[in-house]
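One structure is given here, and the rest of the page talks about it.
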Amino acid sequence: MSKPDWKNFEPVLIPDIPDLDQIKNYEKNGGYSALKSVFTDNDKWPDSKSVINEVKEANIRGRGGAGFNAGLKWSFMPPADGGPRYLACNGDESEPGTFKDRKIFEYNPHIFIEGALIAAYAMEITTIYVYIRGEYKSYIDMMEEAIQDAYDAGYIGKDILGSGRDIEFYVHSGAGAYICGEETSMLESLEGKRGYPRVKPPFPAQKGLWGRPTTINNIETLAHVPAVINRGAEWFKGVGAKNHPGPVLYGISGHVNRPGVYELPSGVPVLDLIHDVAQGIKGGKELKAVIPGGSSTPVLRADQLDGITMDSDSLRTVGTMMGTAGMVVMDEDTDMVDVLWRIAHFYHHESCGQCTPCREGTGWLEKILLKIKNGEGEVKDLDLLLDLTTQMEGRTICALADAAAWPVRHTINRFRDEFEARCKKSVHALA
Amino acid sequence: MAYEFTKEDLKEIEKLKTKYPEVTPVTLPALWIAQNRFGHVNPEVQKLVAKTLDLPEAHVHGVATFYTQYYKEEKGKHVLDVCTCLSCQLCGGYDILNYLEDKLGIKKGETTDDGMFTLNEVECLGACGYAPMLQVTNDKYVNHLTEEKVDNLIESL
Ligand SMILES: NC(=O)C1=CN([C@@H]2O[C@H](COP(=O)(O)OP(=O)(O)OC[C@H]3O[C@@H](n4cnc5c(N)ncnc54)[C@H](O)[C@@H]3O)[C@@H](O)[C@H]2O)C=CC1
Ligand SMILES: Cc1cc2nc3c(=O)[nH]c(=O)nc-3n(C[C@H](O)[C@H](O)[C@H](O)COP(=O)(O)O)c2cc1C
Ligand code: SF4
Ligand code: FES
């Protein structure tokens, strides 16, 4: 596959324009023109369905990590019946290695607001909530302001642009809980409860907030919508990788010279991201490993990276996933046992405790890994860990248990020597 | 001490109620208002929130204890939440935590005798590209920490 020309790519979500967070500047640079088109141009957009179809055709894969086609998800909403319908925007952003949505809050909040309003129009939604993790206090304040400015400009509220549509838009702050990023847990938290995930089905489109039809989308996913409306689905599909198209906010952290969030097409080679975009490994060291899309996505060894690009198809060939495109880069001196233990500690800490395989399993993973980390493990413990991961996977209400299991399985399999070297020589291993 | 909301607090809570079709969702923002007012949401404050919203105490207690950012007891004047999660771990988050433990003479989870500082180890704060980092009392992020930066921070608080 040809490499996207990422060096000449012009950012759409976080372009290099000063003070874009000010509504006037956003409008001056073409902002809210997609919204105006959708709400008022009846020839181009004869009905809500035409908007959904365009977005579906663009194939915006959900940027919250699961990669589900946004327009397809919108099409699952049942027909409007006159009652309330909700859009819940997911700005919980808590997967270790992920720090991209905050860039939108900070630099270009209106592109997200515009995208959310178009989504609401398309699905005949009456109320939008944006759920932002409580730690992002400064971004919560900024979002409140941006939403107020959009109310004042007539883009939110009653009879928007004379379209006869009323849409309300509110911020809801979290208060510290990773699990609230899981969509149904987020709904519980929005309803003012403990964030215990719900069993799916029913999917939120059928039964979401207060039992009403609800769609959940990630902040970045929604921020892509205005460009799809302005430039068309064909344009979006032509950016980056075929099966996972569009611009992507890559968050690069760990042992690189220039960590940060970079907007580039999907499908950029992993090695280009590390060596060119993030300007290589700190201290001139060698690359050892990379986690491509947040802590739950399986780690890759440096020798697996040749020709691998950041899109679902390419990453699948080496047994990993795009996730949130939050890449964590590790140099040659990284202790993989320590890293895996820390990841396991995170998931144990964040398990909500509803399901036994998750509550107990994450505890066991952490405990055994701590033992190995302290040089007190045995080789048979590695097999016990692998066995535990199979017992956890796919047996729980939400995907947190899977997210905890995958890194354990793949890190052990891909760095087995390092784990064995840390284990005591057991009788079993000597025989 | 008897905890009471101010008039402004109550006005804000009334306004919050208009954002949702029922009162239960106000639990989280009302706990935030309470914490900003009193510095924590101990059981007495939880009671006040329950009374104000006319919700069962058990509900408010359940919510307050589920979310880590609500302080269920009094904390130091400044709460330092040091991230040691994945990217911060790789970039020296534990060194920063240890340095602060030595500097303040306390262990993580503890508060200094003069009540000035509480030190915590926390999970990813969504600032991985600025590792190692910490957050001060649920508000300001301090990025790219070094020992010198930590010294300056403590001095400035
Ligand atoms: N951004 C972040 O900070 C984090 C992201 N994640 C990501 O989350 C992912 C898992 O998320 P889930 O929501 O559990 O994935 P999922 O695959 O169950 O769902 C993805 C989306 O598609 C919808 N959907 C899927 N099948 C559907 C159907 N048949 N009918 C209607 N709607 C349907 C779901 O409602 C959801 O909105 C992981 O892959 C991980 O990468 C995990 C942790 C944190
Ligand atoms: C444990 C867990 C945590 C999650 N955290 C987040 C999150 O912080 N932000 C997010 O957008 N999606 C998160 N997700 C994925 C959401 O459940 C959901 O798929 C997503 O918000 C849908 O939006 P999208 O289709 O636009 O990506 C999480 C999933 C799981 C299982
Ligand atoms: S899998 Fe874990 S986090 Fe998800 S609902 Fe079950 S116990 Fe809670
Ligand atoms: S790992 Fe520390 S902020 Fe993400």
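Data table
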read-out	value
Any hit, region A:386-403, residues being buried (at least 23 other Cβ atoms within 10 Å of the Cβ) and touching a Leu at 6+ places or on another chain (Cβ under 6 Å)	no
Any hit, region A:224-236, residues being open to solvent by 30 Å² or more (accessible area, probe 1.4 Å) and near ligand 2 (Cβ under 9 Å from one of its atoms)	no
Residue match in region B:83-105 (condition: within 11 Å of chain A (Cβ to nearest Cβ) and under 28 Å from B:ALA30 (Cα atoms))	yes
Selection status of B:LYS15, open to solvent by 50 Å² or more (accessible area, probe 1.4 Å), within 12 Å of another protein chain (Cβ to nearest Cβ) and away from ligand 1 (no atom under 16 Å from the Cβ)	yes
Checklist (1) part of a loop (DSSP other than H, G, I, E, B); (2) open to solvent by 10 Å² or more (accessible area, probe 1.4 Å); (3) within 12 Å of another protein chain (Cβ to nearest Cβ); (4) not acidic (Asp, Glu) applied to A:SER138, failing item	(1)
Residue among B:ASP102, B:ASP81 that alone is crowded, with 22+ Cβ neighbours inside 10 Å and of a type in the set (Asp, Glu)	B:ASP81
Of residues in region A:195-212 being surrounded by 24 or more Cβ atoms within 10 Å (Cβ to Cβ) and within 14 Å of chain B (Cβ to nearest Cβ), the one nearest to ligand 4 (Cβ to nearest atom)	A:GLY195
The one condition in (1) open to solvent by 10 Å² or more (accessible area, probe 1.4 Å); (2) within 14 Å of chain B (Cβ to nearest Cβ); (3) within 19 Å of the chain's Cα centre (by Cα) that A:GLU183 fails to fulfil	(2)
Checking A:PHE76 against (1) over 30 Å from B:LEU86 (Cβ atoms); (2) touching a helix residue (DSSP H, G or I) at 6+ places or on another chain (Cβ under 8 Å), the condition it does not meet	(2)
Filter pass, A:THR317 being on the phi < 0 side of the Ramachandran plot and either more than 12 Å from chain B (Cβ to nearest Cβ) or away from ligand 1 (no atom under 16 Å from the Cβ) (or both)	yes
Selection within region B:59-72 - open to solvent by 80 Å² or more (accessible area, probe 1.4 Å) and closer than 18 Å to B:PRO25 by Cβ	B:HIS61
Number of the exception - A:VAL329 against (1) within 12 Å of chain B (Cβ to nearest Cβ); (2) of a type in the set (Val, Ile, Thr); (3) in a helix (DSSP H, G or I)	(3)
Residue in region A:265-272 that is over 15 Å from the mean Cα position of the chain (by Cα) and within 12 Å of chain B (Cβ to nearest Cβ) present	no
Any hit, region B:11-23, residues being outside any loop (DSSP other than H, G, I, E, B) and acidic (Asp, Glu)	yes
Elements of type strands (runs of 3 or more DSSP E) in region B:40-157, at least 2 residues being within 16 Å of ligand 3 (Cβ to nearest atom)	none
A:ARG416 being more than 14 Å from chain B (Cβ to nearest Cβ), surrounded by fewer than 18 Cβ atoms within 10 Å (Cβ to Cβ) and within 16 Å of ligand 2 (Cβ to nearest atom)	no
Test result for A:THR362, touching a helix residue (DSSP H, G or I) at 6+ places or on another chain (Cβ under 9 Å) and within 16 Å of ligand 3 (Cβ to nearest atom)	yes
Meets criteria (more than 16 Å from ligand 2 (Cβ to nearest atom), open to solvent by 10 Å² or more (accessible area, probe 1.4 Å), within 14 Å of chain B (Cβ to nearest Cβ) and at pLDDT 95 or above) for A:GLU366	yes
Helices (runs of 4 or more DSSP H) wholly inside region A:1-105 that include at least 2 residues being open to solvent by less than 10 Å² (accessible area, probe 1.4 Å)	A:33-40, A:48-58, A:70-75
Pairs, first within 16 Å of ligand 3 (Cβ to nearest atom) in region A:42-69, second in a loop (DSSP other than H, G, I, E, B) and open to solvent by less than 10 Å² (accessible area, probe 1.4 Å), C-beta under 6 Å, six or more apart	none
Identity of the residue in region B:33-49, within 12 Å of another protein chain (Cβ to nearest Cβ) and without any contact (Cβ under 8 Å) to a residue 24 or more places away in the chain, that ends up least open to solvent (accessible area, probe 1.4 Å)	B:VAL49
Options A:GLY232, A:GLY176, A:GLY192, A:GLY211: the member that is in the same structural domain as A:ILE60 (by TED's automatic domain parsing), modelled with pLDDT of 95 or more, within 20 Å of the chain's Cα centre (by Cα) and at positive phi	A:GLY176
Cβ-Cβ under 8 Å pairs, at least 6 apart or on other chains, region A:350-361 side at positive phi, far side within 16 Å of ligand 4 (Cβ to nearest atom) and open to solvent by less than 20 Å² (accessible area, probe 1.4 Å)	none
Lone qualifier among A:GLY154, A:GLY162 - being open to solvent by 40 Å² or more (accessible area, probe 1.4 Å), away from ligand 2 (no atom under 16 Å from the Cβ) and in the same structural domain as A:MET142 (by TED's automatic domain parsing)	A:GLY162
Residue count, region A:273-305 (criterion: more than 12 Å from every other protein chain (Cβ to nearest Cβ), in contact with a helix residue (DSSP H, G or I) (Cβ under 6 Å, 6 or more places away or on another chain) and of a type in the set (A, V, I, L, M))	2
Those residues of region A:384-413 which are in a loop (DSSP other than H, G, I, E, B) and among the β-branched types (Val, Ile, Thr), in sequence order	A:THR396, A:ILE397
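The values are calculated or read from the model by the stated rules, or taken from the named source; none is laboratory data. Predicted model, so just to flag it, every value in this text is computed and none were measured. So basically every Cβ, Gly included, is an ideal-geometry build from the backbone, and we count neighbours across all protein chains shown. Surface areas here come from the heavy atoms of the whole protein model, side chains and all, with no ligands, DNA or RNA. Shrake-Rupley method; radii C 1.70, N 1.55, O 1.52, S 1.80 Å.
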